[in-house]
Amino acid sequence: MKVFIDGKFYSQRDAKVSVFDHGLLYGDGIFEGIRAYNGRVFKLDEHIERLFCSAKALLLKVPMSRRALNRAVVETCRVNHVRDGYIRLVITRGVGTLGLNPNRCKKPSVIIIAGKIQLYPQSFYAKGMDIITVPTVRNLHSAVNPAIKSLNYLNNILAKIEANNAGCEEAVMLNSEGYVAECTGDNLFIMKAGQLLTPPLYAGALYGITRSTVMDLAREIGVPALETTLTRYDLFNADECFLTGTGAEVVPVVRIDGRVIGSGRPGRVTRQLVSAYHALTKVSGEPIYV
Ligand code: PMP
């Protein structure tokens, strides 16, 4: 595997960052998880746009243009012969001093890794997942805004540990008011009375690219897709439930906190959206090999 770091490719063994990089010392940096399907990078411009929004929020100057980053992601896929894979694009604050002052970091670093991802076992997609709500609440906007896709994922990791301890692979995170925010690495949807519902971003959700793709696909098949605040009660009484994410894609949920959702099997609209999403990934995206 060849890893892109600041304009050069390194072998996996030599792909290293400094111990003085504030990405490592403080989680000061941002990232994107991107997928390649069928020789194309899916939703690349959307990921790059979100990366620049995260950078803006952190007052971090991305040292490459949008266009140059786009080219670098495609090139990293090409040199690694990726047709179907997972791309991790990371910008760190760069090398600084041991104090946390970001102004002491002279140059942010750009890292691009093109590899593979298998987030969940295949059985989850066929039979649905069992998830739980966990005690760790989602970060407040006024503290670390969940819209920033930063390298500081401890809030999510704490929730993931709680889910793992309970024998689950994913956790529903509530916000400090008790409304559903999202999962540790996925957005959450329910179907109720013919409508597709998902928490608004202000509830503490990441602006998920799969989330907005799935909302568009739902509208195309005549299912209204709306943002609304949701409680655990709403989840328990949903007709269907599923999660979305670049890594997870669209994964059905059939049990939450021991409550069976709908029929206990992946719902009809969920299955339609899984197929529609897969169909879209096959034909859309930035070509890697031209
Ligand atoms: N929420 C969180 C916390 C995430 O890390 C992610 C990405 N893995 C998502 C939601 C889903 O976002 P996307 O569809 O853009 O991958």
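All C-alpha to C-alpha distances of region 198-290, sorted into 5 Å bins beginning at zero, yield P(r) values of 3, 12, 21, 24, 22, 10, 4, 3, 1, 1, 0 percent in whole numbers.
In this simple spin-label model, placing a label point 7 Å from the Cα along the Cα-to-Cβ direction at both residue 161 and residue 202 gives a separation of 3.3 nm.
Structure shown: which of 149/192; 2/160; 107/149; 43/107; 127/192; 2/127 lie over 25 Å apart, alpha-carbon to alpha-carbon? Distance filter (> 25 Å) returns 149/192; 2/160; 43/107; 2/127.
With n ≥ 4 as the cut-off for DSSP H runs, can you work out [θ] at 222 nm for the chain, using -39500 (n - 2.57) per run divided by the number of residues, rounded to the nearest 500?
-8500 deg cm²/dmol
Here is the P(r) of the chain: all C-alpha pair distances, binned every 10 Å from 0, give 6, 27, 34, 24, 8, 1 in whole percents. Compared with the dominant Cα axis of the chain, that is its longest principal axis, helix 44-57 is turned about 70°. Report, in degrees rounded to the nearest 10, the 0 to 90 angle that the Cα long axis of helix 268-283 makes with the longest principal axis of the chain. With both axes taken from Cα atoms, the answer is about 30 degrees. Taken along the Cα-to-beta-carbon direction at a fixed 7 Å, the label points for residue 98 and residue 177 span 4.4 nm. Under 5 Å from the amide H of residue 86 lie the amide H atoms of 36, 115, 116, 117, each residue being 5 or more positions distant or on a separate chain, with H modelled from the backbone and absent for Pro and chain starts. Put simply, when 142-148, 118-124 are sorted by average Cβ atoms within 10 angstrom per residue, most first, you get 142-148, 118-124. Compactness of region 4-102 is given as radius of gyration and Dmax, 14.1, 45 Å, from Cα positions. Rounded if a/c is under 1.5, else prolate if a/b is larger than b/c, else oblate: which is region 25-168, with a ≥ b ≥ c the root eigenvalues of its Cα gyration tensor? Cα axes put region 25-168 in the oblate bin.
Averaging sequence separations of C-alpha pairs under 8 Å and six or more residues apart, then dividing by the length of region 15-143, give the relative contact order as a whole percent.
Normalised by residue count, the contact order of region 15-143 is 28 percent.
Surface exposure of the chain, expressed per residue as accessible area with a 1.4 Å probe, stands at 47 Å².
The values are calculated or read from the model by the stated rules, or taken from the named source; none is laboratory data. Computed from a predicted model, the values in this text were never measured in an experiment. Cβ: placed from backbone, ideal geometry, glycine included. Neighbour counts: every protein chain shown. Keep in mind that these areas ignore ligands, DNA and RNA; they rest on the heavy atoms of the full protein, side chains included. Shrake-Rupley method; radii C 1.70, N 1.55, O 1.52, S 1.80 Å.
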